[in-house]
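The values are calculated or read from the model by the stated rules, or taken from the named source; none is laboratory data. As the structure is a computational prediction, the values presented were derived from the model and not from experiment. A quick note on method: Cβ atoms are made from the backbone with ideal geometry, for glycine too, and the neighbour counts reach across all protein chains shown. These accessible areas exclude ligands, DNA and RNA; they are computed on the full protein's heavy atoms, side chains included. Shrake-Rupley method; radii C 1.70, N 1.55, O 1.52, S 1.80 Å.
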Amino acid sequence: MVFSFAFSGLWFRSLYGSVPRAVVRCAIYAAGIGSCLLLWPLVHPGVPAPAAAPLLGTFPVMFLVVVVGRMLGANLFAREQAAQRDAALVAAGSRVLSTTDRGEVLAAAGAGCVEIAAATPGLRLVAVTCSDDRLVVDGTAGELVAEPTALPATVLGAGPDGAVVVADATALDAAVGRRCAWVCVALPDSDERAWMLFGAPRAVPEEAVLAVRALMNQVTLALRNSQAHAELTTAARTDALTGLPNRSAFHGALAASASADGGVVLFIDLDGFKAVNDRLGHRAGDALLREVAVRLRTSSRAGDTCARLGGDEFAVLLPATTPADAEAVAERLRQAVGAPVRLDDEGVRVGASIGLAAALPGSDADHVLQCADTAMYADKDARRAQEDARRTEEDARRPGDEAGAEHALPRQHRAADPALVPVAGAGA
């Protein structure tokens, strides 16, 4: 029975205890058995002592139990840690690849590194980025006595084969609180400007390095997907010619404004653009539209949304704006658009008809835009009527006019609007 307890204790300590403690316990058991043989005559005088050979033969068996137990225990723990790392990698990879938001991808990557470090006893992870003369710490995982925000640039250096290695681990060991072995791995798509540093007391497990590398590859793929998604989203909501938001983006901004504090919509249509486009060509027409977009951006206020709805139609959303302020902005935009533009060494002008519509809280975005469109055509008709009246008056007052005012041509019969006639020497 004594041997049963002794060998059971040795087996348990060999599996779950440390190697030094298992060896010490084995030595204590051997010393106890040996002392029994020596003290037997004193404790049981006259009773024959047990045979020494069988008892002494248990000594090598006990040490063999320790060795076998340690080997089996190491394999069991390695399998358990590998299963935990695999589970952490699968979970982190699923979170990383299930989102296109860059912030969520990086957060999931950080959580995955923490889980992998927790599944590998003694492992520490430090992510660093090169910045001027120091290394900025982007994140850590594992037990550290102090989490640094930056490390000296001398921590990393060139190895014999030219690869970046940990050259001076003093600052890293100070952060961990003990001496560790360190491994440096460059992060994908970092152009050798970002690294993951692995630290462990005796040696860095290769399995942990492979797990983190696999996670970083998934993170790289997710970040590329995020960037592509952002570019496609931007392209889908941006006018390719002018760089302004397109109709879809403006509609979304208008709907958001109408559901909040409301605002005012300015619907802008260029007067005389078709004449310029037909006379100078589409290339000049595109250049004119780009210039108009620039003027709308620079002449509107911070926080206003300028968009090209299509063709020569533009719109500006003025959030939380009074009617008086909206009228002032509209007049400023009209003056900006109407300034001369130099195209193909020739100065031209176009006008702007602007319709205003209030986007009250809770109003429908389509209805507001339609009202602004209607107001724009009313403004266009009013401006034409004013121009016809002005020209009729000029024709009536023109000296030497044989026919007089009654023979003035109607507006639609005139050859061209003077606002569209090339302006000699006009600047951009």
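Do any residues in region 214-242 that are farther than 30 Å from Gly310 by Cα have Cβ atoms under 7 Å from those of residues that are part of a helix (DSSP H, G or I) and open to solvent by 80 Å² or more (accessible area, probe 1.4 Å), where the two are at least six apart or on different chains, and which pairs are they?
Cβ pairs passing all conditions: Gln218/Leu97; Ala222/Leu97; Leu223/Arg102.
For region 263-276, which positions are in a helix (DSSP H, G or I) and crowded, with 16+ Cβ neighbours inside 10 Å?
Across region 263-276, the qualifying residues are Phe273, Ala275, Val276.
Within region 163-186, count every residue that is assigned to a helix (DSSP H, G or I) and not polar (S, T, N, Q).
6
Is there a residue in region 287-305 that is touching a helix residue (DSSP H, G or I) at 6+ places or on another chain (Cβ under 6 Å), under 12 Å from Val265 (Cβ atoms) and in a helix (DSSP H, G or I)?
no
Of all residues being assigned to a strand (DSSP E or B) and open to solvent by 50 Å² or more (accessible area, probe 1.4 Å) in region 124-162, which is modelled with the lowest pLDDT? Just the residue, please.
Residue satisfying both the conditions and the ranking: Ala158.
Give me the residue from region 100-118 that is more than 18 Å from Leu197 (Cβ to Cβ) and small (Gly, Ala, Ser) and, out of that set, surrounded by the most Cβ atoms within 10 Å (Cβ to Cβ).
Here the answer is Ala108.
Identify, from the list Thr120, Thr149, Thr154, Thr99, the residue that is touching a residue at least 40 places away in the same chain (Cβ under 8 Å) and farther than 27 Å from Ala78 by Cα.
Thr99
Looking only at region 365-383, count every residue that is closer than 16 Å to Asp271 by Cα and open to solvent by less than 50 Å² (accessible area, probe 1.4 Å) and tell me the total.
Going through region 365-383 one residue at a time, the tally reaches 6.
Looking at Asp286, Asp344, which one is open to solvent by 50 Å² or more (accessible area, probe 1.4 Å), among the acidic types (Asp, Glu) and touching a residue at least 60 places away in the same chain (Cβ under 8 Å)?
When all the criteria are applied, what remains is Asp344.
How many of the residues in region 232-244 are open to solvent by 40 Å² or more (accessible area, probe 1.4 Å) and under 24 Å from Glu291 (Cα atoms)?
The number of residues fulfilling the criteria is 8.
Give Ala324, Ala260 a once-over and let me know the one that is loosely packed, with under 14 Cβ neighbours inside 10 Å, in a loop (DSSP other than H, G, I, E, B), among the aliphatic types (A, V, I, L, M) and at pLDDT below 95.
Ala260
Give me the residue from region 197-230 that is under 20 Å from Val164 (Cβ atoms) and of a type in the set (D, E, K, R) and, out of that set, surrounded by the most Cβ atoms within 10 Å (Cβ to Cβ).
Filtering first and then ranking leaves Arg213.
Given the structure, is Gly362 open to solvent by 20 Å² or more (accessible area, probe 1.4 Å), touching a strand residue (DSSP E or B) at 6+ places or on another chain (Cβ under 7 Å), part of a loop (DSSP other than H, G, I, E, B) and not acidic (Asp, Glu)?
No: the conditions fail for Gly362.
Return the residues of region 289-311 that are touching a residue at least 40 places away in the same chain (Cβ under 8 Å) and of a type in the set (Ser, Thr, Tyr); say none if nothing qualifies.
Thr305
Among the residues that make up region 291-298, is at least one of them open to solvent by less than 40 Å² (accessible area, probe 1.4 Å) and farther than 21 Å from Tyr377 by Cα?
yes
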